[in-house]
Amino acid sequence: MTTSSAEPSVSLPLVELSPDEEYTPMSLGLLVIQPSPFCNINCDYCYLPDRTDKRRMEFEVLDTIMNRVFGSGLVQHPFTILWHAGEPLAVPLQWYEKAFEIINSYPGAKENIQHSFQSNGTLINDKWCEFIKKHNVEIGLSIDGPAHIHDFHRKTRKGEGTHAKAMRGLGFLKKHGIKFGVVSVVSNEALGHADEIYDFYRAHEISGVGLNIEEVEGANTASSLEVQQAEEKIRRFLKQMYLRNKAEGFPIHIREFETARENIVQPEINLHPDGSYANLESEPFSMINVDCFGNFSSFSPELLGQPTEKYTTFNFGNVLSNQIFDATANKVFQHVLSDIENGNKKCADSCEFYSYCGGASPSNKYYENGTFDSSETMHCRSMIQMPMEIVLEDFELDMGLTPDG
Ligand code: SF4
């Protein structure tokens with residue numbers, strides 16, 4: 001994720017500001033809105049709690065979110081609204097028609113907001129496709145590869161596979177000429193099948209892929225990747241994906257390798273003007289995450305609504321009674337921010353990749369290490385360090401810079 005804004009670097013004095021004081025705000029990059037916690041399927045690696053809860057956001061809450069966000073001064077550039085649930089398309093289309101009307105009533109909203117859905121694909125039909133096209137919504141599908149890999153984890157509540165329905169959704173998108181990306185969770189069942197998964201992407205003309213190594217996070221308290229030599233297997237999987245893509249002329253934009261390549265050849269894309277890496281997950285209010293009741297959080301979206309003993313809560317306020325910057329006076333927010341910043345200092349002091357990731361994802365640090373005030377995780381080794389190493393090795397090979405070269 002990139003920002004082009006000139007946000008001041010985040011520092012603790014921010015928390016001493018009262019909401020009324022004059023203050024140069026940061027810039028919002030991503031607003032995550034959860035219209036409902038509900039999901040129509042039941043993947044066994046899902047990190048979300050409450051995904052059987054069918055309650056839905058009231059329009060008053062949505063209007064107040066927009067009011068708070070636009071009134072905060074945080075909107076300085078175009079930003080993305082990610083409709084994230086549960087399954088965002090499990091909320092009826094009519095709800096979104098009204099929701100988009102409300103949002104578009106804010107000056108500049110239509111031109112400056114990119115809407116985005118990450119969907120399991122099972123509910124997509126012609127009507128959804130017409131809506132997606134009309135509003136130029138970005139859509140990503142969650143598909144783990146061929147049926148036997150996908151259906152291993154991505155099941156209905158009755159325990160049936162969901163691959164066929166997800167592929168039907170993909171077919172609708174294609175029929176309507178809608179561009180889409182695919183996010184695949186890489187579980188233990190996927191690791192030995194890099195070629196098969198790559199062939200699946202090619203056979204279905206999938207040209208944009210994000211690989212998410214299965215994480216220990218939220219409700220997913222154990223990962224199928226907690227196996228012997230997992231890191232070696234993950235490295236082999238990633239390398240094979242990269243080599244296959246290279247052999248075919250890089251037809252697939254694989255997010256992890258593209259980010260690594262950008263960080264090597266065009267690092268400025270991901271840097272703030274002061275040279276620091278733009279890591280939105282670590283910067284307060286660069287991401288604002290709001291649940292269907294109006295409770296809001298910041299930093300990694302995965303923290304929204306999660307229980308936590310260490311920090312007591314990750315909700316920093318509720319839009320119905322708080323301005324966004326009220327959170328800065330909240331002791332929990334101050335504790336979380338302080339720990340995130342200290343964790344990033346640990347990263348800066350100990351890791352050669354720091355200038356390419358800015359300390360990565362606070363939520364992974366919390367769920368793997370028990371605190372934000374920490375550094376390396378299996379997630380960052382797999383999703384940042386390994387892709388960088390694979391791309392760098394390849395560049396060096398192409399340039400003849402092998403140990404013997
Ligand atoms: S790669 Fe991991 S350990 Fe290194 S700086 Fe990033 S988050 Fe920290």
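No value in this document is a laboratory result; all are computed from the given coordinates. Since this is a predicted model, take the numbers as computed values, not measurements. Here the Cβ is made from the backbone with ideal geometry for all residues, glycine too, and neighbour counts use every protein chain on show.
Based on the alpha-carbon set only, what is the convex hull volume of region 323-405 divided per residue, in Å³?
109
Take each of the peptides 158-165, 388-395, average the number of other beta-carbon atoms within 10 Å over its residues, and list them starting from the highest.
Final packing ranking: 388-395, 158-165.
Any idea what the dipole of the chain comes to, in debye rounded to 20, about its Cα centre with Lys/Arg Cβ at +1 and Asp/Glu Cβ at -1?
Magnitude of the dipole: close to 1560 debye.
Exactly which GluC sites (Glu not before Pro) in region 275-330 are in a DSSP loop and have at most 10 other Cβ atoms within 10 Å?
The qualifying sites are Glu309.
Could you pull out every residue, at least 5 positions away or on a different chain, whose amide H is within less than 5 Å of the one on Ser224? Hs are placed 1.01 Å off N in the peptide plane, and Pro or chain starts have none.
Distant-sequence amide H within range of Ser224: Asn188.
Report, by chain and number, residues whose modeled amide H sits under 5 Å from the one on Gly317, excluding near sequence neighbours (fewer than 5 apart, same chain).
Amide H to amide H, under 5 Å and 5 or more residues apart or across chains, Gly317 pairs with Phe296.
Looking at region 240-315, what % of the alpha carbon pairs are farther apart than 20 Å?
Percent of Cα pairs beyond 20 Å in region 240-315: 55.
Convert 20 °C to kelvin, take the viscosity as 1.002 mPa s, use the Kirkwood radius over C-alpha pairs of region 107-163 as Rh, and evaluate the Stokes-Einstein diffusion coefficient in µm²/s, rounded to a whole number.
D = 162 µm²/s.
Amide H to amide H under 5 Å from Gly208: which residues, 5+ apart in sequence or cross-chain, H placed 1.01 Å off N in plane?
Val182, His253
Rounded to the nearest 5, what % of DSSP beta bridges with both residues in the chain are antiparallel?
Of the beta bridges lying entirely in the chain, close to 20 percent run antiparallel.
Taking other Cβ within 10 Å of each residue's Cβ, how do Leu280, Leu337 sort, fewest first?
In order of increasing Cβ crowding within 10 Å: Leu280, Leu337.
Do the sum for the chain: with -39,500 (n - 2.57) for every DSSP H run of n ≥ 4, divided by all residues, what is the mean residue ellipticity at 222 nm, to the nearest 500 deg cm²/dmol?
Counting only the DSSP helices, I get -10500 deg cm²/dmol.
Sort 125-133, 63-71 by the packing proxy (mean of other Cβ within 10 Å over each peptide's residues), most packed first.
63-71, 125-133
How high is the relative contact order of the chain? Use alpha-carbon pairs under 8 Å, at least six apart in sequence, and give a whole percent.
19
Send over the semi-axes of the chain's equivalent ellipsoid, whole angstrom and largest first, taken as the square roots of 5 times the C-alpha gyration tensor eigenvalues.
32, 28, 20
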